[in-house]
Amino acid sequence: MQRLTLLFAMLLGLAACSAEPVWAPDEAVAAAHVSTSNPPTITLFSMINTKSGNGGHTALLVDASERVLFDPAGSFYHPNLPERNDVVYGMTDAAVDFYTDFHSRESWRVVRQDLVVPAAVAEQALAMVKANGAVPKAYCANSTSSILRELPGFENVKVTMFPDKLMDQFAGYRGVVTREFHDNDPDNGGTLVARGI
């Protein structure tokens, strides 16, 4: 009986970890292709609670032959930015700014950490986020840190469930450029206007 109870609990746990797959059509993804003249860059976004200092969400912007946003288990949405299993396409500068503004508000600040990497590392990161699949809720930092530690030069990243802990680890890499964004928008789900997306 105890084994049966344990098996039932495990099945419930697995069901709770399922993620909602989203798969934009091929034509939408192709039309949203963005490449930049930037050097190959990996950008870690961390949403930090202004009162507690705890992390609430993690995302990874990969600027390689294509620039995409890996927003694992995120709530970000724009009708002109197609998504495939937590990978958001069409990440122009305006879209990146909108993503930042979407999360920055009275109770949350956004920490952006940019790191220029070799082109091969950026391409590997791009391939990995596309292949990762949809991420279960609350596993944003876990999935992001798991991807990072597989990249050359990031082998020392410890897999973590905590966005603030991952942010602290990423800050230790030489060459990281950190910026913070915080505004006083209320936490009541007001309307954001996104121009140029």
**Report entry** Gaussian network model of the chain, Cα within-10 Å springs - most flexible of 40, 163, 21
**Finding:** 21
Query raised in the report: How would you order 30-38, 80-88 from highest to lowest mean count of nearby Cβ atoms within 10 Å?
Result: 80-88, 30-38
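In region 98-197, which GluC sites (Glu not before Pro) fall in coil by DSSP and have 16 or fewer other Cβ atoms within 10 Å? Kindly include the intermediate steps, with their values, before the conclusion.
Numbers: sites: 106, 123, 150, 155, 180; in loops: 106, 150, 155.
For GluC sites (Glu not before Pro) across region 98-197 that sit outside H, G, I, E and B with at most 16 neighbouring Cβ atoms in 10 Å, the list reads 106, 150, 155.
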Query raised in the report: If the cut-off is a Cα-Cα distance under 16 Å, which aspartates and glutamates reach residue 158, setting aside same-chain residues fewer than 8 apart in sequence?
Result: 150, 168
Report summary line: Ranked by GNM mean-square fluctuation in the chain (Cα springs under 10 Å), the top entry among 164, 26, 71 is 26
Query raised in the report: Which whole-Hz ³J(HN,Hα) couplings does region 173-180 yield from phi under the Karplus relation 6.51 cos²θ - 1.76 cosθ + 1.60, θ = phi - 60°, glycine and proline marked x?
Result: 7, 4, x, 5, 10, 10, 10, 10
Requested in this report: Give the residue from 73, 60, 166 lying farthest towards the positive end of the charge dipole for the chain; charges sit on Cβ (+1 for Lys and Arg, -1 for Asp and Glu) and the dipole is referred to the Cα centre.
Outcome: 166
Report task. Sort region 15-110 into rounded, prolate or oblate with this rule: let a ≥ b ≥ c be the square roots of the eigenvalues of the Cα gyration tensor; rounded if a/c is under 1.5, and if a/c is not under 1.5, prolate when a/b is larger than b/c, oblate otherwise. Result -> oblate
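Hey, what number do you get for the chain at 222 nm if only DSSP H runs of n ≥ 4 count, each worth -39500 (n - 2.57), divided across all residues, to the nearest 500?
Details: 6 runs with 64 residues, N = 197.
When only DSSP H runs of four or more count, the value is -9500 deg cm²/dmol.
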Report summary line: Measuring from the longest principal axis of the C-alpha atoms of the chain, the long axis of helix 2-16 (C-alpha) lies at a number of degrees, nearest 10, equal to 20
Report summary line: With a Förster distance of 22 angstrom and the Cβ-Cβ distance between residue 100 and residue 78, calculated FRET efficiency to the nearest 0.05 equals 0.95
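Which length gain, in nm to one decimal place, applies between residue 23 and residue 146 when the Cα-Cα distance is subtracted from 0.36 nm times their residue separation?
Values: separation 123, 0.36 × 123 = 44.28 nm, distance 2.25 nm.
Between residue 23 and residue 146, full extension yields 42.0 nm more.
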Query raised in the report: To the nearest 20 debye, what is the magnitude of the charge dipole of the chain about its Cα centre, counting +1 on the Cβ of each Lys and Arg and -1 on the Cβ of each Asp and Glu?
Result: 600
Report task. Write down the Å³ per residue value for the convex hull defined by the alpha carbon atoms of region 34-181. Result -> 99
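Where nothing but the Cβ of Lys and Arg (+1) and of Asp and Glu (-1) is charged, how large is the charge dipole of region 93-197 around its Cα centre, in debye to the nearest 20?
Details: 11 positive and 14 negative charges, 63 e Å.
The calculation lands at about 300 debye.
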Report summary line: Between the alpha carbon centres of region 77-108 and region 129-147 the gap in Å comes to 17
**Report entry** Residues of region 43-69 with amide N under 14 Å of a point placed 7 Å along Cα→Cβ from residue 119
**Finding:** 64-66
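Any read-out appearing in this document is the output of simple, stated calculations on the displayed coordinates, not a laboratory observation. Here the structure is a predicted model, which is why all the values come from computation and not from measurement. Note that each Cβ is placed from the backbone with ideal geometry, even for glycine, and that neighbours are counted across all protein chains shown.
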